[in-house]
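Undergrad: Structure in structure tokens, see below.
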Ligand code: URP
Ligand code: ZN
Ligand code: ZN
């Protein structure tokens, strides 16, 4: 036996019990009480929680965007993930006009492979169907293990937006091949109209980032995506949902029996649009922006009610000097914020404080993303599954600061946030990658997760 974790309190999405976990060759081999087999390494977890590693289903590492490249490489982003108890990240390669799906994915995989410190999977963003020929590549991508595709309903100028016909073609092809379509939903025309108006009026502060993309701008696109998914009976995953009206539409569609999943992010649970009035408001600029208190309350209510499916981060940090490009013009601020290292501890802290159960935190951050995206070896603590394990100290207090994070960015929107309980060890397929504040993993250890299509 390689590893024996003794006497921890095991938490899954459904259960809580005291037991030992035995690990060999990267897999959980046995869970039981008083396991007595000999192991190379024994860890006593008395008083600690033992959890499945988190899956951050939404990151943008080394992403060319906003006139620069996001500040975390695959190395630093996955190092930070390991230190936050995230054992798998999903990244978003972007297929560009004229390029193929596997060509796009393999190019990113070549960068990621030697750098990844935790396991990783890809959703592929589709920006152009290349006259329709790209649709013929979906089945190969699914066979390769990429079983989700993303469409942006925004970012027209960046050449990433798709029109409704493309969206419907992607929805249909994804459905046919056992894949799922992820959507970034905001209305681009309204955003452009608002931006033009505000700039003409000299309204250039980050507050106008929010006002150019307020609640109804997101809601229209959420509802449009839901409408098309329902119309063609295709599965849909709405990423980084931040508004109440769209959330309600998604919940209504789910409750009517449609396969629609909702992701939100810690930043929408923690902050409101008021952050854009702050002197450092530009650091909080992401799309969709944080919304008003009503939306934040609705998101928390859905987290508690079980109608939001996943919490992921949309990790896409930029350095301060890059955020400063928009000091006098919000449209010049690269969109995105940090979060991968904060996801699990944030949601577990909410559990520790009694807002949700620990089972629910595990469901949102690990079990559900594994199920929705076909990571059959991940997301639970069961014999036969990957030994992606977090040992968590519920009594540890940590105040987040850029100084105790493990990314490459130079500031964080989470600065000063007090977290109740914290991961003390992270194992990826049985290997210790994080130990009490220190990264102890190895770039290149992380493996590509070949995912299963829907049946
Ligand atoms: O502001 C954000 N969210 N940046 C990353 C790209 C995206 O829209 O997900
Ligand atoms: Zn997005
Ligand atoms: Zn994103």
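The values are calculated or read from the model by the stated rules, or taken from the named source; none is laboratory data. Fair warning: this is a prediction, and the values are worked out from it, not measured in the lab. FYI the Cβ positions are ideal-geometry reconstructions off the backbone, even for glycines, and counts take in every protein chain you see.
Undergrad: Could you say which residue among 156, 203 is more than 16 Å from ligand 2 (Cβ to nearest atom), in the same structural domain as residue 328 (by TED's automatic domain parsing), assigned to a loop (DSSP other than H, G, I, E, B) and farther than 30 Å from residue 448 by Cβ?
TA: 203
Undergrad: Pick from 434, 397: which is crowded, with 22+ Cβ neighbours inside 10 Å and not assigned by TED's automatic domain parsing to the domain that holds residue 313?
TA: The match here is 434.
Undergrad: Being away from ligand 3 (no atom under 16 Å from the Cβ), in a loop (DSSP other than H, G, I, E, B) and closer than 14 Å to residue 266 by Cα is the filter here; which residues of the range 279-298 pass it?
TA: The one that is away from ligand 3 (no atom under 16 Å from the Cβ), in a loop (DSSP other than H, G, I, E, B) and closer than 14 Å to residue 266 by Cα: 291.
Undergrad: Scan the range 206-234 for residues that are over 23 Å from residue 167 (Cβ atoms) and part of a helix (DSSP H, G or I) and jot them down.
TA: Scanning the range 206-234 gives 207, 208, 209, 210, 211.
Yes or no, residue by residue, for (1) more than 30 Å from residue 16 (Cβ to Cβ); (2) more than 21 Å from the chain's Cα centre (by Cα); (3) crowded, with 24+ Cβ neighbours inside 10 Å; (4) more than 16 Å from ligand 2 (Cβ to nearest atom):
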position: 39; (1), (2), (3), (4): no, yes, no, yes
position: 43; (1), (2), (3), (4): no, yes, no, yes
position: 59; (1), (2), (3), (4): no, no, yes, no
position: 80; (1), (2), (3), (4): no, no, yes, yes
position: 84; (1), (2), (3), (4): no, no, yes, yes
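Undergrad: Here is a follow-up. Restricting attention to strands (runs of 3 or more DSSP E) lying wholly within the range 35-87, give those where 1 or more residues are within 28 Å of residue 160 (Cα to Cα).
TA: 54-59
Undergrad: Filter the range 232-249 for residues that are free of Cβ contacts under 8 Å to residues at least 60 places away in the same chain, away from ligand 2 (no atom under 16 Å from the Cβ) and under 23 Å from residue 454 (Cα atoms) and give the result.
TA: 233
Undergrad: Test residue 115 against the stated conditions and say whether it is without any contact (Cβ under 8 Å) to a residue 12 or more places away in the chain and outside the structural domain of residue 428 (by TED's automatic domain parsing).
TA: When the stated conditions are applied, residue 115 does not pass them.
Undergrad: With the condition kept exactly as written, say whether any residue in the range 291-298 is crowded, with 23+ Cβ neighbours inside 10 Å, within 15 Å of ligand 1 (Cβ to nearest atom) and not assigned by TED's automatic domain parsing to the domain that holds residue 415.
TA: There is at least one residue in the range 291-298 that is crowded, with 23+ Cβ neighbours inside 10 Å, within 15 Å of ligand 1 (Cβ to nearest atom) and not assigned by TED's automatic domain parsing to the domain that holds residue 415.
Undergrad: Looking at the range 148-170, I want the residues that are over 23 Å from residue 121 (Cα atoms) and free of Cβ contacts under 8 Å to residues at least 60 places away in the same chain and have a partner that is in a helix (DSSP H, G or I) and more than 15 Å from ligand 2 (Cβ to nearest atom) with Cβ atoms under 7 Å, at least 6 apart or on another chain. Which pairs are those?
TA: 169/135
Undergrad: For the range 381-394, give me each residue that is surrounded by fewer than 22 Cβ atoms within 10 Å (Cβ to Cβ) and closer than 22 Å to residue 145 by Cβ.
TA: 382, 384, 385, listed by residue number.
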